[in-house]
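The structure appears right after this line, and notes come after that.
Please treat every number below as a calculation from the coordinates, not as lab data. These numbers were taken from a predicted model, which means no experiment stands behind them. Note: ideal-geometry Cβ built from the backbone for every residue, glycine included; neighbour counts use all protein chains shown.
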Amino acid sequence: MRVLIMILPVIVLAQVPDQPLAPWGSNHHPTDVSKRHVEQIVTARHAYKVRQGGTMDGTNCRSPLGVGMMDGPAIKQTWESNRAVRLENVGETDVVNPWLSNGRNSFRTLGEIVSSAVDPGMTDREKAFALWFQEIRHRYHWAGDNAELGDPVKVFNVYGHNTCGNDSICLAGLWHRAGLKVTPARVVGHCVSQAYFDGRWNLFDGDMHSMYLLRDNRTVACEQDPRARPRPDQALPTPRESSTPTSVRMTNGRRPFTSSKEHPKGIATRFPAPP
């Protein structure tokens, strides 16, 4: 078997017809030219590297990922050394499931996404925080195909965005893969997931990049805590102990909630009675 893969990185000066490259087109260097690499593949499984030099890249030339709803764009990119890469099979043998990686992120499976954030020996609390923080650094709020954007592998590798419903599904799936109990939260006009640790449910909002601490500055609020928040002159209540963890029907780790007519968002759950 012989396969030839041709890689064509489109660098900043590579003008594409009908596609302006501003600000790159007016701010370039004479060495910014398109490059070409041909790799001959003679084994069933083959990996290779294309080295890109320099000290700047797209990650350190962009704003932090934001929500991007009413307050402006979710991300502002000021410069990118590699606008696009085209993989082309110029041989006669089919290439199955090719992947392009930057060498830093290993997100091909749900397990790899979890492993990139979770270290051995972490507590459930540490796992929940680590996976939530990774989530908010690799996606932003933007609508798309709901059939696609509930899959963490596709969100992390292909799209980079989804909205609250799909984000809560992705985050819950990652938590569940890490061994945590998960459940959705009922909030007005929004979808959020909760993880179970420290004997209670804990609410993390991956879509709006937020979580809320109680007045002890450590306990993460659950969905029922905000309604019982005391006035500043009142004593801090003891954090509520949760009852038996909510039962959530799971499928295959990629989509943690099954479709159902029991909930307008298609999430089937059973909640314990509120205290």
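So, counting K/R as plus one and D/E as minus one, what does the shell of residues with Cβ under 10 Å around LEU180 add up to? So the environment of LEU180 carries a net charge of +3. Couplings 3J(HN,Hα) for the range 151-165, derived from phi with the Karplus relation 6.51 cos²θ - 1.76 cosθ + 1.60 (θ = phi - 60°), are 9, x, 4, 6, 5, 6, 9, 10, 8, x, 8, 5, 10, 4, x Hz, where x marks Gly and Pro.
What order do you get for 134-143, 166-175 when each peptide is scored by the mean count of other beta carbon atoms within 10 Å, highest first? Kindly include the intermediate steps, with their values, before the conclusion.
On the way: 134-143: 18.9, 166-175: 28.3.
Per-residue mean Cβ counts within 10 Å order the peptides as 166-175, 134-143.
Which net charge results for the neighbourhood of GLY103, defined as the other residues with beta-carbon distances under 12 angstrom from its beta-carbon, given Lys and Arg at +1 and Asp and Glu at -1? In short, +2.
Just list whichever of LYS76/LYS181; LYS154/LYS181; LYS49/LYS154; LYS35/LYS154 have alpha carbons separated by over 26 Å in the model shown. LYS76/LYS181; LYS35/LYS154, as the Cα separations exceed 26 Å there. Taking θ as phi - 60° and the Karplus parameters 6.51, -1.76 and 1.60, the scalar couplings of the range 182-189 work out to 9, 7, x, 10, 9, 10, 6, x Hz in sequence order, x denoting glycine and proline. Here the 3J(HN,Hα) profile of the range 34-42, calculated from phi with Karplus coefficients 6.51, -1.76 and 1.60 at θ = phi - 60°, is 5, 10, 9, 9, 10, 10, 8, 10, 10 Hz, Gly and Pro shown as x. Under the rule of at least 5 residues apart or a separate chain, name every residue whose amide H is placed under 5 Å from the amide H of ILE41. Amide H neighbours of ILE41: VAL3, LEU4, ILE5. From most to least packed by mean Cβ count within 10 Å, the peptides 206-218, 150-162, 181-193 give 150-162, 181-193, 206-218. Less than 9 Å Cβ to Cβ from VAL114, Lys/Arg counted +1 and Asp/Glu -1: what total charge do the surrounding residues give? Within the 9 Å Cβ shell, the charges total +1.
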